[in-house]
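Asks: I have a structure here, written as structure tokens, and I will follow up with some questions on it.
The values are calculated or read from the model by the stated rules, or taken from the named source; none is laboratory data. All figures in this text were calculated on a predicted structure; none of them were measured in a lab. Quick reminder, even Gly has a Cβ in these numbers, built from the backbone with ideal geometry, and neighbours come from all protein chains shown.
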Amino acid sequence: MSLESGPLSKLRVVEGSAFVAAPLGGLTLAQLGAEVIRFDQIGGGLDFHRWPLTEDKQSLFWAGLNRGKKSVQVDLKSTEGRELISNLITSPGANAGIFITNLAAKGELSYEELCKKRPDLIMVMLTGNYDGSTEVDYTVHPSFGYPLITGPSGSAVPVNSVLPTWDLLLGNMVAIAVLVAIEKRRETGTGDLIRIALSDVALSVVGALGRLSQAHLDTEESAADGNYLYGAFGTNFTTSDNSQIMLVGLTHRQWESIKSALNLGAALRALEMKETVNFDDESQRYIFRREIAGIIEPIIRGMSLSQVSTVFEEFKVAWSKYQTFKDLLKNDPRASSKNPIFHIKNQAGIGDIPNIASPIRFTATENIAPQTAPTLGEHTSQVLQEILGLSPSQIDVLKNNKTIA
């Protein structure tokens, strides 16, 4: 299925962005069929050469986050260039007039100036903090508790997540905000300026998961605890052939599966009698997590990964093998053609690479095949001609003046 027939195919979004959250918001919409037009400074924006890179310095990061979009190169330092982008953002259409940005939106690209051209503009502005000051995921993360409870048990060294968690959540909130604002505009005819702060996303999640309330009530002093699953039982083990696995007994069914697969009944009953507890209670499994792990560890240590896999699959145990990205591609059916969202496609300037379609899978609507990323400025002339109505000669003048590329 092509973008033109996707669920959001009538939607046009202009994106002025860099790094993760804003481009991810645009990508989420593009993968559902929206026409997403990303503009960049001539030569590429802040993230055009972001790692990881190919051997010839092509950014796999940029290619991944800009799949399915159109790319426009403009001299944003010039008045004429900014005016072109202003006209593009405010172009007519019931499903246009939507702008996502985490760049400095001032002058011609400020909400106030854009609204003079299109009063029903929808603009989603990403900031670091609620007061508009700057943050990135790697500075937000240390302030919100989790690095100090991540890492080996007993360690006082904070461990930041290598996954930009708050950026990823913010990117999806951007897409939600756009769809909510469109629905409101259809009902009322009014647009909106929507602000979402990265640190507010972190604050919201930390609050939702009970950590802020826990701190407020002073019910527990949290600390780094290795890979133990908080509040129930789960941790990592090493097999006889030195493979690392994660084993989880969160639900009652999962716990019973572990007990049956590893024949733990007698040993666990002895521990329950000694401590006067019942491990059917997940909180008791957490309190005695180290003792339970001590029972399981020699059993797993005496089994190969193949043996563990066979037994755990038989008893439907919740477990996983730790693996590298290469292992994922080589051995895991979820990252293979067996999975309908996984594809290998030729990316211009790079070659054949994995390309993942939207994980949102419809049953009554045909799903969109994954799209490749554009080359920088690939659609500049097309967009200016089709949307702004510029003639080829006008476009040539802009190229000669180095206003576009």
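Asks: So the check is Cβ under 9 Å with 6+ separation or different chains; which pairs have a first residue in the range 5-28 that's more than 17 Å from Asp47 (Cβ to Cβ) and part of a loop (DSSP other than H, G, I, E, B) and a second one that's at pLDDT 95 or above and acidic (Asp, Glu)?
Replies: Short answer, once both residue conditions are applied: Leu8/Glu35; Ser9/Glu35; Lys10/Glu35; Leu11/Glu35.
Asks: Would it be correct to say that Asp167 is part of a helix (DSSP H, G or I), touching a helix residue (DSSP H, G or I) at 6+ places or on another chain (Cβ under 7 Å) and in contact (Cβ under 8 Å) with a residue 40 or more places away in the chain? Steps first, answer last, please.
Replies: On the way: part of a helix (DSSP H, G or I): yes; touching a helix residue (DSSP H, G or I) at 6+ places or on another chain (Cβ under 7 Å): yes; in contact (Cβ under 8 Å) with a residue 40 or more places away in the chain: yes.
Judged against the criteria, Asp167 is a match.
Asks: Quickly run through the range 71-122 and pick out the residues that are without any contact (Cβ under 8 Å) to a residue 40 or more places away in the chain and among the basic types (Lys, Arg).
Replies: Correct list: Lys77, Arg82, Lys106, Lys116, Lys117.
Asks: Another question about this same structure. Considering only residues of the range 29-50 that are charged (D, E, K, R) and in a loop (DSSP other than H, G, I, E, B), which is nearest to Ile404 (Cα to Cα)?
Replies: First pass over the range 29-50, keeping only residues charged (D, E, K, R): 35, 38, 40, 47, 50.
Filter once more, so that each one left must be in a loop (DSSP other than H, G, I, E, B): 47, 50.
On the way: Asp47: 19, Arg50: 23 Å.
It comes out as Asp47.
Asks: Quick check, is Phe48 touching a residue at least 40 places away in the same chain (Cβ under 8 Å), in the same structural domain as Phe362 (by TED's automatic domain parsing), surrounded by fewer than 19 Cβ atoms within 10 Å (Cβ to Cβ) and closer than 24 Å to Ala197 by Cα? It would help to see each step written out before you state the result.
Replies: Values: touching a residue at least 40 places away in the same chain (Cβ under 8 Å): yes; in the same structural domain as Phe362 (by TED's automatic domain parsing): yes; surrounded by fewer than 19 Cβ atoms within 10 Å (Cβ to Cβ): yes; closer than 24 Å to Ala197 by Cα: yes.
Here the answer is yes, as Phe48 does meet what is asked.
Asks: Could you count how many residues in the range 358-394 are touching a residue at least 12 places away in the same chain (Cβ under 8 Å), in a helix (DSSP H, G or I) and either on the phi > 0 side of the Ramachandran plot or touching a Pro at 6+ places or on another chain (Cβ under 9 Å) (or both)? Please lay out each step first, then the result.
Replies: Within the range 358-394, the subset touching a residue at least 12 places away in the same chain (Cβ under 8 Å) is 358-362, 365-384, 387-388.
In the following step, the residues that additionally are in a helix (DSSP H, G or I) were identified as 380-384.
Going one step further and asking which of them are either on the phi > 0 side of the Ramachandran plot or touching a Pro at 6+ places or on another chain (Cβ under 9 Å) (or both), we end up with 381.
Selection size over the range 358-394: 1.
Asks: Among the listed residues Ser213, Ser204, which satisfies the condition of being in a helix (DSSP H, G or I), touching a Ser or Thr at 6+ places or on another chain (Cβ under 9 Å) and free of Cβ contacts under 8 Å to residues at least 24 places away in the same chain?
Replies: On the way: Ser204 fails: touching a Ser or Thr at 6+ places or on another chain (Cβ under 9 Å).
Of the residues listed, the single one that is in a helix (DSSP H, G or I), touching a Ser or Thr at 6+ places or on another chain (Cβ under 9 Å) and free of Cβ contacts under 8 Å to residues at least 24 places away in the same chain is Ser213.
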